[in-house]
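The values are calculated or read from the model by the stated rules, or taken from the named source; none is laboratory data. Quick caveat, the model's predicted, so the values are computed rather than measured. Positions of Cβ are backbone-derived with ideal geometry, glycine not excepted, and every protein chain shown enters the neighbour counts.
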């Protein structure tokens, strides 16, 4: 099992996947994949495993029933370059290991996040934390960009001036803006990474962090393709309904034609189809 | 805010709620309640809070959208007496603080889990990890009970014999059975407790741990009644559907009558109703 | 045990302790104190506790031997206002619960960290991450301050201009500097808080976060005075020596006069004195 | 960096290292080694790294100053077979990932921990949680062994009898003893593993878990030899002294001959020697 070769993942090791104007995500190392999820799950079943003999079915069962611990057996390590305001959202996920560039030790580089003109948007009205979809005028875009660029240059010039006066780095950097790029090594297990991606690939996440999340999603797809597929099917493109919502659905759902045979058309077979019919029958009660 | 009085919770402080034949759950201390969830959430909104002025609406919004961090601001501490096989399932939840009775320091008491006769059941056929619902004969029940009781007595007698020979406690105890009672202090925040209860109040959880989970659920209901209600509505009695399942539902759901006015009958109002209609409309695409 | 009154801690509840030019630490709530540490430790000893009958001795024993779990049974919740560059160091401590003001939801206030003139120092030569102790000229101090103040004002003016153009808050804020104040609720158990304070009250920690750590230290001293005393004696003012260093010490240590009687003068008595003599004797071998 | 070959570690992959009478530790997979610790640390220093150019020196500096996060960048995965009473001590370390054999799904095997005769000892008098060093008579050893073996056989026979009556596995197993062997996959980062080993290789740890800890220590030595050496030098064979103890040492330490030149004999050189002299000088004040 150990060090199983995975050419699709290994061929992207150490490659920088560009994010935003100057950032990147780079897969530094990884341990395990689909087969190590299944392997860890099987230890739970001991002698009793014989009947559960298809990896994909088992892996999907685990994801569907939120048996999350086997997914923790895969580990990924990334090197990421990202603006500080993105880093501040990112670091809220606590179940990960981090080593970040320190502005106390090092001189920060002259690199800032500059949004591309078409991503500069108005405040959304219904989404209190997000942007409107509406386009703004090229004139306004340019005005915003020139304000951003000018302030970034001024603050970096002053940072250099303070360093030239030999002011302590830890103090000289306090006025650098949140758009400054930082870098870190970030290591996380697959279960927690999928949770991170679920929240950060969501349409309510800020555009800038979404770019990073989507890039890492592509990487996961190579390392653990069956886990990724199950994640998309059951979690990312799934939906939760509340007790009251389920009642409404039950009242307006025509279940007559939803039979085991019918479900096969949707690729819902075996235990998965049975579980679905059971969920629907429970609604009707 | 601090030390807000909560008479419904305070009146059960230190009371032992019996679980199984000789176990209990006892609320030792707690910090916060519904109001501290809302308080913590509001710091995120700063100046922008004025419009979100109803605690219950905010709290339900947080639960519905899995904004879980404010629920971490409530803390509960329990004293629990429980059989070791239950303790072994329980301890798998890592985000908690524990101090357990040590069989290296202390002499374990002569107290064992003995199932009540009516909970002795056959192996379930479709649920590989659980019991069948079917009753078994009183004769078989009595046979099982007498085997259990006799082995518990024998093993405890031998434990005492080893202690009388002054064998080290850490060694004398190795043959004590998993049915032996242990005790611990267990402290956890409300978010993680609700996650624990979701898994352990579930019908797939072993009967014995479910008894403890349900008892703690009653305690949570007193400490944070609005959070508990939201947990039941959105999480515990809610249901997740996969991408494929949603397609089937969409094809057989008659949405014509599901209007905002109609939803009010189900107490689905305001933003919650809008979000539901949005989810349904997305299905139809 | 629950809700034991602790007047020395309760009298500071909700009071703002000023930190830096515009920040503060405020104790919002707490659960437990010295007596709950001892209470949790005693569950481990069960029947065997009778001999360990003095709380202070037990608590000091726990701290000395790094039996850390009983200290996790005390919980503290703070409301903190702090510059973002301090928040970025602080958040690296993962074992805590946080709700922070969001610049996506809220309009950030016009409040920035401005160092007092006498804390503006040169880069230290031997401490790569810190400041020199040497004073700098008042002229240079004033130059630095005026650069900082001017950039803070410019960046806030531009932030307001972008908000006036109704640019999304999540974007308008990207050029705000790391000296901007933010706020959060921060909840942590006593063991992890002491670990945080050990690192952040250390002379190698940045001056600005040290101010916050020292303020929280004063608060802990009121909530759990015996734990604080033990922390100072064994951890904060203690010292670790390596294998090689111990050899050197052993070779030059005159142990003849270090007797149990002699140690009493230093308040090293009972088990603690025995353990010390045992450590010293081990060195000499 | 990724997938650097490490023949000394790879040659033991998947080998079972025997522990106790029927247990084992098996290294299933690992990610990283000494070089990935250094790599992660260097990201913190950015441009400023040039002067810290020797891996070993940097790695030892990190360990000495408890800069623990770079050690989290190495990950190890073990397959372990161990008695349940050992598993119960082990699982108290929460920062790890676990998948354990489930007695609800699987039929447990007839394998129990049987101490070798010479490890059966009396209760220690001064160590309340441990064994005396004194030998006991062969007759008493044999008596204890025969009690243990007999009860293990009885309880397993009864377990089989209950299974034959088709009693649910989750119930049939409740009287199995703590000496029964279980198995798990256990994954942990190097920093947390070293903390585990520090506590569990300690002479106060129970003999049985110490055997496992020492076995894993040998494995770590192959994966990250420089980190292991630093761990032994600074942590495992190091010693902490309290404020009062330091005063006593200061009063009886003849520091005249402890010079930089002298320290070289003990392989204390460069920054490490300077730091030691600084610690000693601080004592004398």
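Have a look at C:136, C:125 and point out the one that is farther than 30 Å from residue D:68 by Cβ, away from chain B (no Cβ under 14 Å) and modelled with pLDDT under 95.
C:136
Restricting the search to region C:33-43, which residues are free of Cβ contacts under 8 Å to residues at least 24 places away in the same chain and buried (at least 23 other Cβ atoms within 10 Å of the Cβ)?
The answer is none; no residue qualifies.
What is the number of the single condition among (1) surrounded by fewer than 19 Cβ atoms within 10 Å (Cβ to Cβ); (2) touching a residue at least 60 places away in the same chain (Cβ under 8 Å) that residue C:106 does not meet?
(1)
With C:273, C:250 as the choices, which residue is within 34 Å of the chain's Cα centre (by Cα), buried (at least 20 other Cβ atoms within 10 Å of the Cβ) and more than 7 Å from chain D (Cβ to nearest Cβ)?
From the options C:273, C:250, the qualifying one is C:273.
Taking the criterion of being touching a residue at least 60 places away in the same chain (Cβ under 8 Å) and either surrounded by fewer than 17 Cβ atoms within 10 Å (Cβ to Cβ) or outside any helix (DSSP H, G or I) (or both), would at least one residue in region B:232-240 satisfy it?
no
In region A:198-218, how many are farther than 18 Å from residue A:83 by Cα and buried (at least 22 other Cβ atoms within 10 Å of the Cβ)?
0
Any chance region B:200-209 includes a residue that's modelled with pLDDT under 95, touching a helix residue (DSSP H, G or I) at 6+ places or on another chain (Cβ under 9 Å) and more than 22 Å from residue B:55 (Cα to Cα)? Reasoning before the result, please.
The initial filter retains those residues of region B:200-209 that are modelled with pLDDT under 95, namely B:203-204.
After this cut, where a residue has to be touching a helix residue (DSSP H, G or I) at 6+ places or on another chain (Cβ under 9 Å) as well, the list is B:203.
With more than 22 Å from residue B:55 (Cα to Cα) added as a condition, the list becomes B:203.
Yes, some residue in region B:200-209 is modelled with pLDDT under 95, touching a helix residue (DSSP H, G or I) at 6+ places or on another chain (Cβ under 9 Å) and more than 22 Å from residue B:55 (Cα to Cα).
Keeping to region A:4-32, report how many residues are surrounded by fewer than 22 Cβ atoms within 10 Å (Cβ to Cβ) and assigned to a loop (DSSP other than H, G, I, E, B).
Of the residues in that region, 11 qualify.
Here's the yes/no breakdown for (1) within 7 Å of another protein chain (Cβ to nearest Cβ); (2) part of a loop (DSSP other than H, G, I, E, B):
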residue	(1), (2)
B:143	no, no
B:148	yes, no
B:152	yes, no
B:158	yes, no
B:172	no, no
B:185	yes, no
B:192	no, no
B:205	no, yes
B:210	no, no
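Which condition number does residue C:114 fail, the rest of (1) part of a loop (DSSP other than H, G, I, E, B); (2) touching a strand residue (DSSP E or B) at 6+ places or on another chain (Cβ under 8 Å); (3) in contact (Cβ under 8 Å) with a residue 12 or more places away in the chain being met?
(2)
Looking only at region B:54-97, filter to residues that are surrounded by fewer than 17 Cβ atoms within 10 Å (Cβ to Cβ) and within 19 Å of the chain's Cα centre (by Cα); which one of those is nearest to the other protein chains (Cβ to nearest Cβ)?
Going through the qualifying residues, I end up with B:94.
Exactly one condition in (1) in contact (Cβ under 8 Å) with a residue 12 or more places away in the chain; (2) closer than 30 Å to residue B:275 by Cα is false for residue B:89; which is it?
Only one criterion is unmet by residue B:89, namely (2).
So for region D:225-237 (the condition being within 13 Å of chain C (Cβ to nearest Cβ), in contact with a strand residue (DSSP E or B) (Cβ under 9 Å, 6 or more places away or on another chain) and over 26 Å from residue D:11 (Cα atoms)), does at least one residue qualify?
yes
Can you find even one residue in region D:121-137 that is surrounded by fewer than 17 Cβ atoms within 10 Å (Cβ to Cβ) and outside any loop (DSSP other than H, G, I, E, B)? Spell out how you get there, then give the answer.
First, pick out the residues of region D:121-137 that are surrounded by fewer than 17 Cβ atoms within 10 Å (Cβ to Cβ): D:124-128, D:132-135, D:137.
Within this subset, residues satisfying the condition of being outside any loop (DSSP other than H, G, I, E, B) are none.
No, there is no match, as no residue in region D:121-137 is surrounded by fewer than 17 Cβ atoms within 10 Å (Cβ to Cβ) and outside any loop (DSSP other than H, G, I, E, B).
Within region A:254-275, is there a residue that is outside the structural domain of residue A:64 (by TED's automatic domain parsing), free of Cβ contacts under 8 Å to residues at least 12 places away in the same chain, under 26 Å from residue B:229 (Cα atoms) and in a loop (DSSP other than H, G, I, E, B)?
No, because not a single residue in region A:254-275 is outside the structural domain of residue A:64 (by TED's automatic domain parsing), free of Cβ contacts under 8 Å to residues at least 12 places away in the same chain, under 26 Å from residue B:229 (Cα atoms) and in a loop (DSSP other than H, G, I, E, B).
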